[in-house]
Amino acid sequence: MNPATPSPIKIARRGLMLVISSPSGAGKSTIARNLLEADPEMSISVSVTTRQRRPSEIDGRHYHFKSIRDFEAMRATDSLLEWAEVHGNFYGTPRDAVEAAMAAGRDMLFDIDWQGAQQLQEKMAGDVVSIFILPPSMAELQSRLHRRAEDSEEVIATRLANSRAEIEHWREYDYIVLNDDLDRAFSAVRAIVEAERLRRDRRPGLFEFVNGLLTENPF
């Protein structure tokens, strides 16, 4: 009879803040959704936004949809960890939920643009792991936006016009993933997450574990 597989040793670690950005249509939201479904240790940071809800979106799950007045009140009371204006709408990250997750050692996923990523890196650089998703071509980016069929032609034109400026910020990210194939891009993101979780400076529990090893007498 084969011996039972031992239970994994739990070593306390600090949660990481995983930032995924891309121009609209490059695939960040799909990759983020797949990561949440596949990884029980990852939680999504649900942003607040002033833009109109799309038919496929659920308030409180995809975004917290707010009026401009409510958003400005949150910003004025420092209730947002970061915020940005994108395509004429405001987006922001509620502070309380993120701080609670980090204190509990849970990983938080941020599906945000480069402006929000900059603010998080400035405030919590040691906790942030940033990934920028690139499309294989601008023609494919345009095609994906049309296939999504959730935005008007005017909105699609605005997103395409802004995409080049967004891509210019690729150098500010830790990792760059080319989404020419969704499965490959998703595998690359998962590999980045697993490697970052093993970093020594994210695992304060290693001090106690290693001290136990060094003082252990197996004889």
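Bear in mind that the values in this text are calculations on the coordinates, not laboratory data. Because the structure is predicted, anything quoted here is derived from the model rather than measured. Cβ atoms come from the backbone with ideal geometry, glycine included; neighbour counts cover every protein chain shown.
What order do you get for 134, 198, 81, 214 when you list them from fewest to most C-beta neighbours inside 10 Å? It would help to have the intermediate numbers written out before the result.
On the way: 134 18, 198 10, 81 21, 214 7.
The fewest-first ordering by Cβ neighbours comes to 214, 198, 134, 81.
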Taking 189, 155, 86 and counting other beta carbon atoms within 10 angstrom, the fewest-first order is 155, 86, 189
With r as the distance between the Cβ atoms of residue 215 and residue 104 and R0 = 25 Å, compute the FRET efficiency 1/(1 + (r/R0)^6) and round to 0.05. 0.30
In nanometres, what is the gap between the two model label sites at residue 38 and residue 161, each 7 Å from Cα along Cα-to-Cβ? 3.7
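Could I get the Rg over Rh figure for the stretch 23-101? Both from C-alpha atoms, Rh via Kirkwood, rounded to two places. Don't skip to the answer; put the middle values down first.
Values: Rg = 13.2 Å, Rh = 13.6 Å.
That ratio equals 0.97.
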Gain upon complete extension [residue 123, residue 64; 0.36 nm per residue less C-alpha separation]: 19.0 nm
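Semi-axes, largest first, in whole Å: what does sqrt of 5 times each Cα gyration tensor eigenvalue give for the stretch 150-219? Working shown, then result.
On the way: eigenvalues 418, 37, 21 Å².
Gyration-tensor ellipsoid for the stretch 150-219: 46, 14, 10 Å.
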In nanometres, what is the gap between the two model label sites at residue 115 and residue 176, each 7 Å from Cα along Cα-to-Cβ? 2.4
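Specify whether the C-alpha gyration tensor of the stretch 17-199 places it in the rounded, prolate or oblate class, a ≥ b ≥ c being the square roots of the eigenvalues: rounded for a/c under 1.5, otherwise prolate if a/b is larger than b/c and oblate if not.
Details: a/c = 1.55, a/b = 1.05, b/c = 1.47.
Oblate.
Please give the FRET efficiency for residue 194 paired with residue 53, using the beta carbon to beta carbon distance and R0 = 35 Å, rounded to the nearest 0.05.
0.55
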Note: the stretch 93-166, point scatterers on Cα, Debye, no solvent; log10 I/I(0) at q = 0.11, 0.25, 0.27 Å⁻¹ equals -0.42, -1.14, -1.28
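With charges set only on the Cβ (+1 for Lys and Arg, -1 for Asp and Glu), what does the dipole of the chain come to about its Cα centre, in debye to the nearest 20? Write out the running numbers ahead of the final one.
Numbers: 28 positive and 34 negative charges, 58 e Å.
Here the size comes out at about 280 debye.
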Charges on Cβ only, +1 for Lys and Arg, -1 for Asp and Glu, centred on the Cα centroid of the chain; of 214, 110, 100, which one is farthest towards the dipole's positive end? 214
Calculate the spin-label point distance for residue 168 paired with residue 153, positioning each point 7 Å from the Cα along the beta-carbon direction, and give it in nanometres. 2.8
